[in-house]
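We did not get these values from a lab; they are worked out from the coordinates using the rules stated. This structure is a prediction, so every number in the text was calculated from the model and none was measured. Backbone-built Cβ (ideal geometry, glycine too); neighbour counts: all protein chains shown.
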Amino acid sequence: MIKAIIFDMDGTLVDSEYRAMMNKKKVLEKNGVVWNHDLWQLLTGRKLKVVIDEVLTEYTPEQRQEVLDEYYKPEYHHVDYHAIKFPGSGTILQALNNNGYKLALCTTNSYDCIDQCLEENHWRRLFSVILGMGDVENTKPAPDIYLKAMELLDVKPEETVIVEDSRIGLDAAIATGAHVICREEKRFPVDQQGAEFYITDLLSIMRIVNELNEKEI
C-alpha cells in the first residue's frame, strides 16, 4: 500500500523551472552562446554555477564568473511562488494530507527558496519531511535525497510515490525503486523518459495513488 508521496519542488509544484530556463537562455545568448537542444538537456534541473565549465568551455575562469554574476543578479531571481504555483498544487497536497499520506519535499534548491515557497503558499505544515541543498552529499541524479526522505518517513520504496519533472530528478527517483510520476513539460525539450506515470494535471496524483492501492487489495 502507498504510504508516502514525495514531491520535487521546481517544475513540479511551482512553475519556477521554466522561468529559470528562460533566464539562463537569455543570459547565455547575451554572452554569445548559441542555444541548442543539448543545452536544454544539460541545464534543466541544474544550477548554472554547477555546470558553467561545461557550457562555456572556451571561456576563462574570469569570463565565466562574469556570466555567473550577470545571471545571479536580483532581477533574474525575484520569484513570487504563490503566483507561479501550478494549478491544483495546493489542493492535491491538502487532499493527500487529509487522506493520511505522509508528504515530503525533496529539492536541490536553496533553503531560502524552499522557505519562501512554503511560506508564500502556506504549505509547510503539510510536509513531514523537507530536504534541500546540503542535506545530502550526493545530489540528484543520485537517489540519496529520496532515500533519506524515505528513511525519515519510515517507508519502503514500494510504499512510496515520487513526483518529478526533470531528467536528473527522474533518474534519482527511478533509482530508488519507488513508483514515479512525471509532470509532463511541453514548452521546452526535456528528456522525461522512464517514469511509470505521466500527468499534466496534479490532481491526477490521487487517482494514481488510489489505483496503486487497489492493486494491493
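Building the convex hull from the alpha-carbon atoms of the stretch 17-76 and averaging its projection over directions returns 3.8 nm². Projecting label points 7 angstrom from Cα along Cα→Cβ for Glu196 and Leu42 puts them 3.4 nm apart. Each peptide in 44-57, 168-181 was scored by the mean count of other Cβ atoms within 10 Å over its residues; highest first, the order is 168-181, 44-57. Gln94 to Lys49: FRET efficiency via 1/(1 + (r/R0)^6), r the Cβ-Cβ distance, R0 35 Å, to the nearest 0.05? That gives a FRET efficiency of 0.50. Compute the Cα gyration tensor for the stretch 62-140, then decide on rounded, prolate or oblate, letting a ≥ b ≥ c be the square roots of its eigenvalues: rounded whenever a/c is under 1.5, prolate when a/b is larger than b/c in the other cases, and oblate in all that remain. Because a/c hits 1.5 or more and a/b fails to exceed b/c, the stretch 62-140 counts as oblate. As a proxy for reagent exposure, ranking Ser166, Ser204, Ser110 by other Cβ atoms within 10 Å from fewest up yields Ser110, Ser204, Ser166.
The angle between the Cα long axis of helix 144-153 and the longest principal axis of the Cα atoms of the chain comes to about 30 degrees, rounded to the nearest 10. Among the trypsin sites (Lys or Arg not before Pro) in the stretch 168-197, those placed in a DSSP loop whose Cβ has at most 10 other Cβ atoms within 10 Å are Lys186, Arg187. Spacing of the modelled spin labels on Ala142 and Lys25, each 7 Å from Cα toward Cβ, amounts to 3.2 nm.
If R0 equals 35 Å, the separation of the Cβ atoms of Glu120 and Glu66 corresponds to a calculated FRET efficiency of about 0.65. When each of Asp80, Asp15 is scored by the number of other beta-carbon atoms lying within 10 Å, the sequence from fewest to most is Asp80, Asp15.
Roughly how tilted is helix 89-98, in degrees to the nearest 10 and between 0 and 90, from the longest Cα axis of the chain? For 89-98 against the chain, the angle is about 30 degrees. Value of Rg to Rh for the chain, rounded to two decimals, is 0.98; Kirkwood radius and Rg both from alpha-carbon coordinates. Taking amide H as placed 1.01 Å from N in the peptide plane, Val180 has its amide H under 5 Å from the amide H of Ile162, Glu196, Phe197, each at least 5 places away in sequence or on another chain.
Seen from Thr60, the other residues with C-beta closer than 12 Å to its C-beta sum to a net charge of -3, counting Lys and Arg as +1 and Asp and Glu as -1. Going by alpha carbons, how many degrees (0 to 90, nearest 10) lie between the helix axis of 16-30 and the longest principal axis of the chain? Relative to the chain, helix 16-30 is tipped by roughly 10 degrees.
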